[in-house]
Amino acid sequence: MARGLAVGPAAAAGGAAGTAIVVVATSTRYRQLARTLPAAGDTVLEIGCSTGEATRLLAASGAGAVVAVDVAAEMVARTRAAVAAAGGAAASGGARLTVARLDGRDTAALRALVAAPDLIFVDVGGDARLDAVALQLRQCLLAFAPRTLVLRSAELAAVCAAVREVEAPAPRRAGPRRGRGRSADPQAHALESLLDLSHSAAVPNRVFAARRLRRSVAAAARERLAELAGDPDARVRRVASLGAADAADAADAAPEGPQADARDGAAAPDAPGEICPSM
């Protein structure tokens with residue numbers, strides 16, 4: 001069963017308690033917040049760094065550390081070039097800056113880079129479809145408990161502007177609930193995140209989840225792969241069927257390369273050295 005979200009001041013212990021969500025429609029406002037929102041010493045995660053405009057502003061804002069990621073190798077290269085052109089470490093205002101090629105859906109890899117960001121900035125394309133934006137928002141809130149999450153999306157901003165009434169959910173009781181919240185164990189959380197993503201309505205997301213579930217020997221992963229082997233989409237069935245047969249040996253198998261990711265319609269993982277050392 002997919003997990004529920006816990007956001008805002010009413011969230012109980014174990015959820016993303018106190019997380020404020022800011023939705024903006026324009027890059028102008030997004031960059032303004034990148035310049036002014038971080039407090040001294042904050043750790044900031046930026047998903048979708050693109051050409052590095054917001055990255056440079058975040059790094060110069062007084063934040064203690066900035067981790068910027070993008071799924072596109074070209075965008076990662078342009079961000080690194082933009083930082084270098086602006087003066088490298090001098091332009092970072094003292095912040096430790098890391099730029100990496102990562103898929104925002106891969107929350108396990110994100111958590112390996114930054115376990116507990118104070119702020120998250122998300123821009124997966126201001127004109128991106130609402131379902132893609134909502135997926136990234138959900139993955140972030142299931143993986144992290146930031147003080148504030150800033151999201152740029154023209155469609156979501158339009159929806160929010162049209163909302164006239166919101167019925168807040170009832171506060172949750174303190175303490176863990178089955179199928180809710182985040183696991184404190186990184187491996188357990190990674191599995192939970194992939195299981196959640198495997199229920200996505202979008203085929204590329206189910207392919208993405210199936211490929212990574214193949215690397216797990218957990219019983220829950222094998223059970224979900226067996227279910228996905230009957231998926232309506234042939235690509236998901238192909239990946240899941242391979243995974244269901246090979247899951248028991250996944251711990252000893254070498255990671256699959258970018259060619260397999262491209263074949264299955266998923267974003268390629270980082271090649272060795274794709275993470276830029278902190279500046």
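The values are calculated or read from the model by the stated rules, or taken from the named source; none is laboratory data. This is a predicted model, so every value here is computed, not measured. In this analysis, Cβ positions are derived from the backbone assuming ideal geometry, glycine residues included, and neighbour counts consider all displayed protein chains.
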Practice prompt. Would you check if there is a residue in the stretch 32-51 being in a helix (DSSP H, G or I), crowded, with 22+ Cβ neighbours inside 10 Å and free of Cβ contacts under 8 Å to residues at least 40 places away in the same chain?
Written response: no
Worksheet item: Which residue pairs have Cβ atoms under 6 Å apart, sit 6 or more places apart or on different chains, and have a first residue in the stretch 59-75 that is part of a strand (DSSP E or B) and a second that is acidic (Asp, Glu)?
Response: ALA68/GLU46
Practice prompt. Assess whether THR79 counts as being over 22 Å from ARG211 (Cβ atoms), at pLDDT 90 or above and of a type in the set (Ser, Thr, Tyr).
Written response: yes
Worksheet item: Of the conditions (1) touching a Leu at 6+ places or on another chain (Cβ under 9 Å); (2) within 18 Å of VAL150 (Cβ to Cβ); (3) not aromatic (Phe, Trp, Tyr), VAL71 fails just one. Which one is it?
Response: (2)
Worksheet entry | Some residue of the stretch 103-117 being touching a Ser or Thr at 6+ places or on another chain (Cβ under 9 Å), farther than 23 Å from LEU197 by Cα and at pLDDT 95 or above | no
Fill in: Among (1) over 22 Å from GLU46 (Cα atoms); (2) surrounded by fewer than 20 Cβ atoms within 10 Å (Cβ to Cβ); (3) modelled with pLDDT under 85, the one test that ALA162 misses
(3)
Discussion item. What are the pairs with Cβ atoms under 8 angstrom where one residue, in the stretch 98-122, is assigned by TED's automatic domain parsing to the domain that holds SER27 and the other, located anywhere, is in a helix (DSSP H, G or I) and among the basic types (Lys, Arg)? Sequence gap at least six, or different chains.
Written reply: VAL99/ARG80; ASP106/ARG212
